[in-house]
Amino acid sequence: MTVLTGENIGIKFGERWLYQHVNFELRDQRVLAVIGDNGVGKTTLIRSILGQQKLTTGQLTWTQPKPTVRYVPQERPDAQDFPLRIAEFVGLSFDQGMRPWRTQKENTQLQHILNDTNLAQMANRRIDRASGGERQRAYLAQALLVNPGVLILDEATANLDNIAKYELMDVVRHYRDHHQLSIIMISHDLEIIQEYADDYLLLKPQGSEFGLVKDLDITQLEAGNQDHA
């Protein structure tokens with residue numbers, strides 16, 4: 001089943017087109033990797049999907065009812081501004097209104113997500129004292145707490161060491177496999193793309209290329225990465 005379709009998308013700033021004629025599908029319980037050179041407009045496309053940027057041409061069509069969408073950034077500087085414990089930080093995703101407490105159902109969901117993201121053993125650790133990998137899993141847990149249908153990862157592994165990035169993506173894959181979750185992932189990491197993504201959308205100034213990751217010509221991306229090294 002298709003969750004989101006992009007048809008003939010174009011985004012223009014002033015007289016400059018970032019790209020035109022972009023077409024893709026996000027399919028149910030699959031990982032779509034959005035790739036391309038720096039500055040090509042990957043984050044701008046994500047902003048359009050999140051409703052924060054208007055398209056110049058084309059349209060984005062969601063399945064109905066539209067799923068809940070949650071976004072995980074590369075870093076959250078605000079996470080270190082307050083000495084919250086990891087469990088408290090993750091729990092901020094609940095809208096408690098005027099209630100200063102969580103319901104039993106919310107506590108159960110929180111514990112479930114802490115278990116799924118391998119944070120249960122460190123739930124009482126202050127997030128400003130957590131490692132980069134632990135903080136990134138806390139950002140992920142906060143996004144998953146409300147049981148989204150679509151998860152967007154924006155360079156979520158970029159600042160992590162080799163062990164931590166695979167730990168994070170293993171958590172994402174495990175959750176995807178056991179829940180109704182589709183994932184859009186911006187990444188420059190070719191190993192992560194090949195290991196965890198199902199489909200790819202390669203953005204270029206001239207347009208786009210969409211297909212299965214197993215059919216992706218990785219040599220052209222390796223050359224592009226070397227050019228930007």
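The values are calculated or read from the model by the stated rules, or taken from the named source; none is laboratory data. As the structure is a computational prediction, the values presented were derived from the model and not from experiment. Using ideal geometry, Cβ is built from the backbone for each residue, glycine included, and neighbour counts are taken over all protein chains shown.
Looking across the range 20-60 at every residue that is within 13 Å of Leu203 (Cβ to Cβ) and of a type in the set (Gly, Ala, Ser), the one that is surrounded by the fewest Cβ atoms within 10 Å (Cβ to Cβ) is identified as Gly39.
Taking residues in the range 117-141 that are over 17 Å from Thr157 (Cα atoms), and partners anywhere that are of a type in the set (Phe, Trp, Tyr) and part of a helix (DSSP H, G or I), the pairs with Cβ atoms closer than 6 Å and at least 6 places apart or on different chains are Ile127/Phe89.
Residues are listed down the side, and each one gets a yes or a no for (1) part of a loop (DSSP other than H, G, I, E, B); (2) of a type in the set (Ser, Thr, Tyr); (3) within 20 Å of the chain's Cα centre (by Cα):
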{"site": "Val3", "(1), (2), (3)": "no, no, yes"}
{"site": "Gly10", "(1), (2), (3)": "no, no, no"}
{"site": "Tyr19", "(1), (2), (3)": "no, yes, no"}
{"site": "Leu45", "(1), (2), (3)": "no, no, yes"}
{"site": "Ala87", "(1), (2), (3)": "no, no, no"}
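For the range 135-146, check the following and say yes or no: at least one residue is touching a Pro at 6+ places or on another chain (Cβ under 8 Å), closer than 20 Å to Val31 by Cα and surrounded by 14 or more Cβ atoms within 10 Å (Cβ to Cβ). Outline the logic, then answer.
Initially, the range 135-146 is screened for residues touching a Pro at 6+ places or on another chain (Cβ under 8 Å), giving 139.
In the following step, the residues that additionally are closer than 20 Å to Val31 by Cα were identified as 139.
Checking the rest, the ones that are also surrounded by 14 or more Cβ atoms within 10 Å (Cβ to Cβ) come to 139.
There is at least one residue in the range 135-146 that is touching a Pro at 6+ places or on another chain (Cβ under 8 Å), closer than 20 Å to Val31 by Cα and surrounded by 14 or more Cβ atoms within 10 Å (Cβ to Cβ).
Going by the structure shown, is Gln206 in the same structural domain as Leu18 (by TED's automatic domain parsing) and of a type outside the set (Phe, Trp, Tyr)? Taking the combined requirement at face value, the residue satisfies it.
Filter the range 102-147 down to the residues that are part of a helix (DSSP H, G or I) and among the small types (Gly, Ala, Ser), then identify the one that is modelled with the lowest pLDDT. If we take residues in the range 102-147 being part of a helix (DSSP H, G or I) and among the small types (Gly, Ala, Ser), then Gly132 is modelled with the lowest pLDDT.
Out of all the residues in the range 29-43, which are out of contact with any helix residue (DSSP H, G or I) (no Cβ under 7 Å at 6 or more places or on another chain) and either part of a loop (DSSP other than H, G, I, E, B) or under 14 Å from Leu18 (Cα atoms) (or both)?
The initial filter retains those residues of the range 29-43 that are out of contact with any helix residue (DSSP H, G or I) (no Cβ under 7 Å at 6 or more places or on another chain), namely 30, 32, 38-43.
Answer for the range 29-43, where residues must be out of contact with any helix residue (DSSP H, G or I) (no Cβ under 7 Å at 6 or more places or on another chain) and either part of a loop (DSSP other than H, G, I, E, B) or under 14 Å from Leu18 (Cα atoms) (or both): Arg30, Asn38, Gly39, Val40, Gly41, Lys42, Thr43.
Can you tell me which residue among Glu155, Glu209, Glu191 is surrounded by fewer than 20 Cβ atoms within 10 Å (Cβ to Cβ) and touching a residue at least 24 places away in the same chain (Cβ under 8 Å)? Just a single option satisfies the conditions, and that option is Glu155. Per the conditions (1) touching a residue at least 60 places away in the same chain (Cβ under 8 Å); (2) out of contact with any helix residue (DSSP H, G or I) (no Cβ under 7 Å at 6 or more places or on another chain), the sole criterion not satisfied by Arg70 is (2). Annotation note: of Arg99, Arg47, Arg70, Arg76, the sole residue that is within 30 Å of Arg125 (Cβ to Cβ) and at pLDDT 90 or above is Arg70.
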